[in-house]
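A short worksheet on the structure shown next.
The values are calculated or read from the model by the stated rules, or taken from the named source; none is laboratory data. What you see is a predicted model; the values in this text were computed from it and never measured. Every residue, glycine as well, gets a Cβ built from its backbone with ideal geometry; the counts of neighbours run over all protein chains shown. Areas reflect the complete protein model, heavy atoms only, side chains present, ligands, DNA and RNA absent. Shrake-Rupley method; radii C 1.70, N 1.55, O 1.52, S 1.80 Å.
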Amino acid sequence: MKPANPFAPQRRRRLNLLAVGLNIVVPWASFTVVYLALSFSLHYAMPPLAWMVALTILGVAVVTFLRASAASKMPPVERGEPSWLYFGSILTLIAVLAGCALGDGNYSVYMEPYYNLKDLATYKDVNPGKRTGQGLMDAGKIYFSNNTKLDLSRAMAFKNQVMFCVAPIVTTDTPDSRVDFWAVGTDCCDGLKPQFRCGQYANPYARAGVRTLYNWERPYYRLAVQQAEAAYGLTALHPVFFTWVEDPLDGLNEYRDNGLKWFTLTCMVVFIVNMVVVVSAATIYSKLGA
């Protein structure tokens with residue numbers, strides 16, 4: 001038998017273009033559906049259904065991976081080459097898990113606050129000197145009266161890795177000892193002599209607030225308020241926390257816009273990355289000799 005010439009050009013393997021195309025589309029489509037279900041209104045209105053959609057697609061991906069894994073152990077004559085099903089099932093499984101994590105994160109950070117603020121009440125011409133926090137616990141957006149301002153001289157900060165900053169929202173009618181409405185922010189002041197620089201603190205037209213709804217932040221803002229109570233002789237029986245803005249609708253829509261932006265950007269990045277991985281794998285395989 002004549003030995004093969006090592007310098008002879010090698011034949012390229014033929015590619016299954018349909019399989020390559022499916023490996024580009026299916027993982028990305030699975031990611032997008034899961035990401036969509038967990039990011040937006042379905043997650044807010046019907047959380048079990050949103051997770052059912054995600055877990056169903058995840059279950060299909062796991063079953064496909066297990067079957068493809070079993071098939072990959074079969075002799076090459078029986079399973080064929082290359083095992084695009086096995087390769088695609090791995091990509092799909094990774095994509096679905098990423099969709100679950102990123103979708104839930106996008107919902108928690110941006111879209112859940114947006115939907116909650118939409119459902120909470122809006123109050124206008126609120127005088128913080130005459131109203132109490134207990135009476136406005138359902139407030140999502142508040143337009144304060146014209147003589148409302150931030151009392152920057154009595155700002156306070158509490159540090160726990162992040163600097164949690166608070167400043168009283170007051171009017172000339174506010175009793176010196178009682179403050180229930182607070183402007184807040186993170187990493188926008190210092191702890192030694194707090195200089196409150198949160199929200200639109202320097203905007204002379206700012207007279208409104210968007211409610212802060214992140215559960216993990218509120219205990220630290222409460223601790224900062226307690227420090228302010230001790231330092232300045234204040235009383236805050238039912239403190240409520242707001243981002244200081246000129247127009248609350250801008251603050252509300254910012255949550256929505258950020259959620260949509262990250263959804264669109266992430267979908268584009270995932271498609272490009274998945275396509276590069278599949279095309280690279282196909283290119284490498286096609287260059288292998290028969």
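Values as computed for the structure displayed
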read-out: FRET efficiency estimate (nearest 0.05) - Cβ-Cβ, Ser108 to Gln134, R0 22 angstrom; value: 0.20
read-out: When each of Lys130/Lys159; Lys124/Lys159; Lys118/Lys149 is checked by Cα-Cα distance, pairs over 29 Å; value: Lys130/Lys159; Lys124/Lys159
read-out: Highest average packing first - 177-183, 116-122, Cβ atoms within 10 Å; value: 177-183, 116-122
read-out: Kirkwood-type radius of the range 158-290, with distances r between different C-alpha atoms, in Å; value: 18.0
read-out: Rounded percent of accessible protein surface that carbon and sulfur make up, the range 14-163, 1.4 Å probe; value: 65
read-out: Gained length - Lys73 relative to Leu49, 0.36 nm times residue gap less alpha-carbon distance; value: 5.0 nm
read-out: Sites Tyr232 and Val62, calculated FRET efficiency, Cβ-Cβ separation with R0 45 Å, nearest 0.05; value: 0.20
read-out: The range 188-247, accessible surface, carbon-and-sulfur percent (1.4 angstrom probe); value: 53
read-out: Bridge type composition, the chain - antiparallel percent by DSSP, nearest 5; value: 70
read-out: Potential extension, Ile272-Leu213 segment - 0.36 nm per residue separation minus Cα distance; value: 17.8 nm
read-out: Prolate/oblate/rounded label for the range 130-176 (Cα gyration tensor, a/c 1.5); value: oblate
read-out: Distance between the range 156-170 and the range 36-65 - C-alpha centres, whole angstrom; value: 38
read-out: Rg over Rh [alpha-carbon atoms, Kirkwood Rh] for the chain; value: 1.23
read-out: Net length gained if the chain between Ala281 and Asn253 were fully extended (0.36 nm per residue, minus Cα distance); value: 5.9 nm
read-out: Mean Cβ neighbour count within 10 Å, used as a protection proxy, ranking 105-113, 197-205, 223-231 highest first; value: 105-113, 223-231, 197-205
read-out: The chain: DSSP helices with Cα axial extent of at least 27 Å and average Kyte-Doolittle hydropathy no lower than 1.6; value: 17-39
read-out: Lys, Arg +1 and Asp, Glu -1 on Cβ, resulting dipole of the range 200-290 about Cα centre, debye, nearest 20; value: 320
read-out: Å² of accessible area per residue within the chain, as computed with a 1.4 Å probe and no ligands counted; value: 55
read-out: Value at 222 nm in deg cm²/dmol, rounded to 500, when DSSP H runs of n ≥ 4 in the chain each add -39,500 (n - 2.57); value: -16500 deg cm²/dmol
read-out: Projected label distance in nm at Gln161 and Leu42, using a 7 Å step from Cα toward the beta-carbon; value: 3.2
